Every structure is written in C-alpha cells, then in structure tokens.
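Each remark here refers to the structure printed beneath this line.
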Amino acid sequence: MVSGASTAAVRRRRAPGLPERVAALDWERIATDLDTHGCATVGGLLSPAECLELAECYPSDALFRSRVVMARHGFGRGEYKYFAWPLPDVVSQLRTTLYPPLVGIANRWNEAMGLDVRYPDAHAAFLERCHEAGQTRPTPLLLRYGEGDYNCLHQDLYGEHVFPLQVAFLLSVPGADFTGGEFVLTEQRPRMQSRAEVVPLGQGDGVIFPVHHRPVKGTRGYYRVNMRHGVSRLRSGQRHTVGIIFHDAR
Ligand SMILES: O=C(O)CCC(=O)C(=O)O
Ligand SMILES: [Fe+2]
C-alpha cells in the first residue's frame with residue numbers, strides 16, 4: 001500500500017513541458033498515418049521517469065475509482081484500474097493537450113463517414129457534453145499485465161458520446177521488462193477479410209488509434225471500417241500501459 005502522502009504527491013506532480021512536447025509533434029504526419037494505416041505512433045512523449053512514476057502508482061488505490069480483473073468478464077487476462085477525479089496531472093495534461101490537435105481529424109472523419117456529430121475545440125467543452133448526458137465518470141486507465149496475460153480485441157465505448165480517437169502509452173521497456181504483449185489493431189472491412197496491424201512501441205511511446213471505426217477511401221467515396229484493439233499474450237515479465245480516452249463513462 002502506498003501512503004496517503006505519496007498518493008497526494010502523484011496527484012500534484014507537475015509534468016513540465018508536456019504541452020510543449022505535444023505541440024512539437026508532427027501532426028501532419030500523424031494525420032497522414034491515421035488516414036493511411038488507421039493508427040499513428042508518437043515516439044518517447046513520456047520520459048522514463050514519468051513512465052515509471054505512473055506504473056508505480058498502480059497499487060495506490062486512492063487514485064482510482066474502480067478495478068477490473070479482465071478474466072472475470074471474459075475481457076482477457078490481467079487487470080486495469082480507472083483513475084478517479086482528480087486525475088493525476090500527467091494524465092489530465094495528456095487528455096487536455098492531445099485532444100485539440102485530434103479534433104480536426106475527428107471532425108473530418110465524421111464528415112467522410114456521413115456522421116453529423118462535430119467536436120468542440122477544447123476538451124473541457126466536450127467533457128461538458130458528456131457530463132450533461134450522464135457520462136460523468138473518468139475513463140483514463142492504467143493497465144497491468146503479467147506473464148500469460150492478454151487483452152481481447154475490444155472497443156472502448158462508454159455511452160452515447162464518443163470521441164473517435166484514443167491514445168495508449170507503453171510505460172514498460174519491451175525486451176527488458178517484458179516480452180510478447182504486442183499492441184494489436186484489427187480492421188474489419190465490409191464484405192472483405194479483416195486486416196491486422198501490430199504496433200511496435202518503446203517505453204514512453206504512444207499509439208493513436210480509432211475507438212470504433214474509421215473512414216477508408218474506396219473507388220466510390222469513403223466507406224466505414226470497424227476497428228478493434230487488444231494486446232497479444234505476454235511471454236514473460238510485466239507490462240504497464242496508460243490509456244487516454246477522451247469521452248467519460250456512464
Ligand atoms: O495495454 C494496451 O496496450 C491496450 C490498452 C487499451 O486497451 C486502452 O488503452 O484502451
Ligand atoms: Fe482499450
């Protein structure tokens with residue numbers, strides 16, 4: 001058990017420079033990768049110290065609103081915890097700084113898919129929309145996998161309001177902290193065979209990917225493909241990730 005004092009320290013912790021680091025990312029390249037491949041990676045956005053600090057707060061129950069043991073629900077093997085309000089600074093900053101550059105892509109995708117929903121420029125305004133509809137519980141989460149654990153292919157939908165992109169960060173060092181445990185995306189195309197994408201990540205890298213679907217350009221305009229993500233079986237060690245989902249939950 002972590003003491004109350006260190007729990008408060010994790011909550012208060014400043015992550016200097018995170019907004020600057022997010023602003024410095026090549027958002028044109030990210031948009032192109034998302035359009036072309038259905039996912040984009042961002043290298044080393046979190047420092048090793050930030051990764052370690054986040055991973056180490058997993059046992060600190062006061063930071064979380066609930067714990068999910070995946071095997072109990074048929075979700076896979078391993079566990080995760082949803083952060084409680086107030087979110088730790090680094091998690092809150094990731095949510096508020098990654099949202100604005102993704103809004104343009106989200107709105108463009110909805111237009112291509114013939115969906116009427118458009119997203120406001122600021123995350124606070126989008127959260128207000130979620131909260132007014134009863135989606136008030138925070139969705140950022142910390143995941144922990146041990147040897148033999150895996151995360152079944154899924155979609156993180158938590159109510160009517162959905163921001164169509166989400167981000168997952170690898171907090172552990174592949175090859176040193178764990179082996180196996182690869183991030184996997186699948187794309188189910190209408191009347192076609194499915195396509196899988198394995199996304200190699202290093203510590204502190206993030207992967208940006210669609211929550212439930214994305215537009216793909218065909219010969220007669222855009223069609224909608226259904227997306228799922230998961231994690232392959234860990235062969236050894238321990239793997240932590242943090243998931244940044246922009247809509248809140250009912
Ligand atoms: O552990 C992972 O890489 C996947 C995490 C996940 O499912 C999520 O962030 O929504
Ligand atoms: Fe997920």
(request) Return the loop-located trypsin sites (Lys or Arg not before Pro) in the stretch 183-220 (DSSP other than H, G, I, E, B) with at most 12 other Cβ atoms within 10 Å of their own Cβ; answer none if there are none. (result) 191, 220
(request) Obtain the nm distance between the two label points defined at residue 188 and residue 66 by a simple spin-label model: each point lies 7 Å from its Cα along the Cα-to-C-beta direction. (result) 2.3
(request) Pop out the ³J(HN,Hα) list for the stretch 207-212 in order, Karplus 6.51 cos²θ - 1.76 cosθ + 1.60 with θ = phi - 60°, rounded to Hz; leave Gly and Pro as x. (result) 10, 9, 8, x, 6, 9
(request) Please list the non-local residues whose amide H lies under 5 Å from the amide H of residue 213, H modeled 1.01 Å from N, same-chain partners needing a gap of 5 or more. (result) 227
(request) In square nanometres and to one decimal, what's the mean projected area of the convex hull around the Cα atoms of the chain? (result) 13.4
(message) Give me a comma-separated list of calculated 3J(HN,Hα) values for the stretch 145-150, in order, Karplus coefficients 6.51, -1.76, 1.60 applied at θ = phi - 60°, integers in Hz, x for any Gly or Pro.
(response) 10, x, 3, x, 7, 7
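What percent does the relative contact order of the stretch 154-250 come to when contacts are Cα pairs within less than 8 Å and at least six residues apart?
45
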(message) Within 10 Å of each candidate Cβ there may be at most 14 other Cβ atoms; applying that plus a DSSP loop requirement, which GluC sites (Glu not before Pro) in the stretch 156-195 survive?
(response) 160
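Loop-only trypsin sites (Lys or Arg not before Pro) in the stretch 111-182, please: DSSP not H, G, I, E or B, and at most 16 other Cβ atoms within 10 Å.
Answer in residue order: 118.
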(message) Just to confirm my numbers, what's the Cα centroid distance between the stretch 196-250 and the stretch 151-187 in Å?
(response) 5
(request) Determine the relative contact order of the chain: mean sequence separation of Cα pairs under 8 Å and six or more apart, normalised by residue count, in whole percent. (result) 27
(message) With n ≥ 4 as the cut-off for DSSP H runs, can you work out [θ] at 222 nm for the chain, using -39500 (n - 2.57) per run divided by the number of residues, rounded to the nearest 500?
(response) -8500 deg cm²/dmol
(message) Using the Cα centre of the chain as origin and beta-carbon charges of +1 (Lys, Arg) and -1 (Asp, Glu), tell me which of 209, 190, 115 is placed farthest towards the positive end of the dipole.
(response) 190
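Each value in this text was obtained by applying a stated rule to the coordinates, not by laboratory testing. All of these numbers come straight from a predicted model, not from anything done at the bench. Here the Cβ is made from the backbone with ideal geometry for all residues, glycine too, and neighbour counts use every protein chain on show.
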